[in-house]
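Take a look at the structure below.
The values are calculated or read from the model by the stated rules, or taken from the named source; none is laboratory data. This structure is a prediction, so every number in the text was calculated from the model and none was measured. Here the Cβ positions follow ideal geometry from the backbone for every residue, glycine too, while neighbour counts run over all protein chains shown. Just so you know, the surface numbers come from the protein's heavy atoms only, side chains and all, with ligands and any DNA or RNA stripped out. Shrake-Rupley method; radii C 1.70, N 1.55, O 1.52, S 1.80 Å.
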Amino acid sequence: MLQYAIKGGNPLVGEVEIGGAKNAALPILAASLMTDDTVYLDNLPDVRDINVLLAAMENIGVMAKHASRHRVTLNAGHINSFVIEDDNIKRIRASYYLIGALLGKYRHAEVALPGGCNIGSRAIDLHIKGFRALGAEVTIDHGLIKANAEKLVGNHIYMDSVSVGATMNIMMAAAMAEGKTTIENAAKEPHVVDLANFMNSMGANIKGAGTDVIRIKGVSKLHGTDYTIIPDQIEAGTFMFAAVATKGDVTVKNVIPKHLESITAKLLEMGCEIDEEDDCVRVVASKPLKHTQVKTLPYPGFPTDMQPQITVALALSEGTSIVTETIFENRFKYVDELTKMGASIKVEGTTAIIDGVSKYTGASITAPDLRAGAALVIAALAAEGFSTIDDINYIQRGYEDFHLKLQSLGGQIEMVENGVENQKFRLKTG
Ligand code: UD1
């Protein structure tokens, strides 16, 4: 079992290059099978969720070739199956994007029910409602979501709540439908805009992405394209909070500062210095950190995917902070682990009441999911002494070379395979 061995206490200092956005790359990969032409994708992150989705696409006949680590050539001209149910794909949430993509182009899809992080109930009713509104028949049968349509016809679809996944899935299903589709109360996340830009570069007609109302005029065919995926706002934010918790000075490079506004706003409230340039943001945490209040909300609100990371930093800030999670009801599972490191946090329902402490101390802890796992690594880097983090496979789902990037900032962290290697790390760094 792979673990992270960490010796905390060093402020993280330096520059770190941010990769392509996982949550944009996943739907974009799926949408690339909606043309028979070749699609070139750049800035594709080399993380487990992406590689699982790519493998599932190859299993149904998509030809995928890496020109380099982050550039892939895809051709879906010879798809030989519409059924996707391998064991790996069941573990990732984004498998559901293959329904929108296959249904949109071929009018038929059978995809295993999605997995993903266990952070609360993760319904797919809004996706299904959207597919049905376009004329598809959707059933759940033996663990598969089956979607079929004679033809898809555009419709007016109102989303009962804001869903990133459902907005993008419906966008794909509607792109080649007859006539016009309007998605109302759509998600506005940067990755929704990125998917729309990508599909428009393939000849789709999607307007309004990034606002509440997305209007799609169906086209009969999509063509090949060469597209670069946007930088990952969550990876960037994670390194920004790593800088803060360790009282460091980190510049995240290759980012779109606008996408980080809700994060930089909170960092300023906490007393950090922020220096923004065109494509990088520097965070300096030289003063004592101040408490604040945070509520996770759909974009442009504070992202739920940054909630554990800011909590880790607030637990080291003066005074009492309040963090409210409004998107997923079960996203405070990591708090027990953080308590082992000395944090003082009380969770009541979907609210965490945090009494700042002056330091963490190292402990043996387990990553409960992707973002919380990354947050616990940050806590361990800030802590006094040694920590061991188990179940790092969660973290590898969404962060490329996480420990290497942290090492390059001066973090004492290594990926180890067993107790002996862990012991060696302790002797070396002790
Ligand atoms: C995506 C991201 C995830 C991020 C989340 C919110 C991917 C693979 N995952 O997840 O990292 O945390 O956006 O930014 O991109 N809901 C329903 N019915 C549905 C769909 C969603 O009730 O059909 C609810 C969910 O339970 C949740 C809320 O809507 O409470 C938001 O979910 P959604 O935006 O769909 O998140 P995901 O797309 O699953």
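Translational diffusion of the chain was estimated from the Stokes-Einstein equation, with Rh taken as the Kirkwood radius over Cα pairs; at 4 °C and 1.567 mPa s the coefficient is 59 µm²/s. Leu316 sits with roughly 20 Å² accessible to a 1.4 Å probe, with DNA, RNA and ligands left out of the calculation. Seen against the Cα atoms of the chain and their longest principal axis, helix 48-59 is set at about 20 degrees. The residue list Leu297, Val420, Gly218 was ranked by how far each Cα lies along the charge dipole of the chain toward its positive end, using unit charges on Cβ atoms, and Gly218 comes out on top. Thr211 contributes about 70 Å² of solvent-accessible surface, heavy atoms of the protein only, 1.4 Å probe. Computed about the Cα centre, the dipole magnitude for the range 201-354 is approximately 380 debye when only Lys and Arg (+1) and Asp and Glu (-1) carry charge, each at its Cβ. For the range 22-228, the solvent-accessible area works out to 39 Å² per residue, with a probe of 1.4 Å and every protein chain left in place.
Pairs of Cα atoms nearer than 8 Å and 6+ residues apart set the relative contact order; for the chain it is 21 percent. Separation of the alpha carbons by more than 28 angstrom is noted, of Lys217/Lys295; Lys22/Lys287; Lys253/Lys346; Lys295/Lys340, for Lys217/Lys295; Lys22/Lys287; Lys253/Lys346. Roughly how tilted is helix 164-174, in degrees to the nearest 10 and between 0 and 90, from the longest Cα axis of the chain? The angle comes out near 20 degrees.
Within the accessible surface of the range 278-423, defined with a 1.4 Å probe on protein heavy atoms only, the carbon and sulfur portion equals 48 percent. Against the chain, whose longest principal axis is taken from its Cα atoms, helix 370-382 shows a tilt of about 20°. Decide, for the range 22-228, between rounded, prolate and oblate: order the square roots of the alpha carbon gyration tensor eigenvalues as a ≥ b ≥ c, take rounded if a/c falls under 1.5, and otherwise choose prolate if a/b is larger than b/c, else oblate. It comes out rounded by the Cα gyration axes.
Here Lys146 is the anchor, and the lysines within straight C-alpha reach of less than 23 Å, apart from those fewer than 8 places off in the same chain, are Lys90, Lys105, Lys129. By a straight-distance test (C-alpha under 14 Å), which aspartates and glutamates pair with Lys359 as possible cross-link partners, with residues fewer than eight away in the same chain excluded? Output for Lys359: Glu318, Glu384.
Quick one: pull the percent of accessible area on the range 145-185 belonging to carbon and sulfur, 1.4 Å probe, ligands and nucleic acids left out. Solvent-exposed carbon and sulfur of the range 145-185 make up 45 percent of the total.
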